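Take a look at the structure set out below.
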Amino acid sequence: GELHRFTEVEVWDNQLKRHRRRTHKEVTDALSKFCGLWWKENSSGQFSADERRLSREGNAYLRYYVLAAGERMRQRIPSFAAYYKQKHDQATKHHHKRALVLTGSKALNLFAALLRRQTVYRAKEGDAHLDA
């Protein structure tokens, strides 16, 4: 399907001195950027801002649904709830928004892995109480 648009891209590897396929990390980074789930760099010369705005580039509909899925997974899956709580506690500002975007990115990473492997999600034992 459409995932090939991100996975089949060949990138130059300086270490190997040849083209290679993207790694899973590179694929998920490209997907995150496509969704607009990244913070733009805000710097000039020696200045680099501590607080950066979430990018408004990318597919707004896809961003909305990935974040909605991340929020729902946070409510239903204990490992996602723990990840959200960890990121919420680490944030110094915009706790919920930052934690939600990072949880959505984690969900997007899971979606990409499932699509690449062509498998369905199987809950871990601690996450086995899932229901619709």
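Would you confirm whether any residue within the range 85-94 is modelled with pLDDT of 90 or more and in contact with a helix residue (DSSP H, G or I) (Cβ under 7 Å, 6 or more places away or on another chain)? Talk me through it step by step, then tell me what you get.
Filtering the range 85-94 down to residues modelled with pLDDT of 90 or more leaves 85-90.
Next cut, in contact with a helix residue (DSSP H, G or I) (Cβ under 7 Å, 6 or more places away or on another chain) only: 87-88.
Yes, the range 85-94 has at least one match.
Quick check, is Gln75 out of contact with any helix residue (DSSP H, G or I) (no Cβ under 7 Å at 6 or more places or on another chain), part of a helix (DSSP H, G or I) and either closer than 26 Å to Glu26 by Cβ or touching a residue at least 60 places away in the same chain (Cβ under 8 Å) (or both)?
It is false that Gln75 is out of contact with any helix residue (DSSP H, G or I) (no Cβ under 7 Å at 6 or more places or on another chain), part of a helix (DSSP H, G or I) and either closer than 26 Å to Glu26 by Cβ or touching a residue at least 60 places away in the same chain (Cβ under 8 Å) (or both).
Looking at the range 73-105, which of its residues are within 15 Å of Ala123 (Cα to Cα) and surrounded by 13 or more Cβ atoms within 10 Å (Cβ to Cβ)?
The answer is Met73, Arg74, Arg76, Ile77, Pro78, Ser79, Phe80, Ala81.
Each row is one residue, and each column tells you yes or no for (1) surrounded by 13 or more Cβ atoms within 10 Å (Cβ to Cβ); (2) outside any loop (DSSP other than H, G, I, E, B); (3) β-branched (Val, Ile, Thr); (4) at pLDDT 85 or above.
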| residue | (1), (2), (3), (4) |
| --- | --- |
| Gly58 | yes, no, no, no |
| Gly70 | yes, yes, no, yes |
| Ala107 | yes, yes, no, yes |
| Val120 | no, no, yes, yes |
| Leu130 | no, no, no, no |
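Can you tell me which residue in the range 12-56 is farthest from Phe111 (Cα to Cα), limited to those that are among the hydroxyl-bearing types (Ser, Thr, Tyr) and either modelled with pLDDT of 85 or more or open to solvent by less than 40 Å² (accessible area, probe 1.4 Å) (or both)?
The selected residue is Ser55.
The values are calculated or read from the model by the stated rules, or taken from the named source; none is laboratory data. Source: prediction; values computed, not measured. Note that each Cβ is placed from the backbone with ideal geometry, even for glycine, and that neighbours are counted across all protein chains shown. Surface areas here come from the heavy atoms of the whole protein model, side chains and all, with no ligands, DNA or RNA. Shrake-Rupley method; radii C 1.70, N 1.55, O 1.52, S 1.80 Å.
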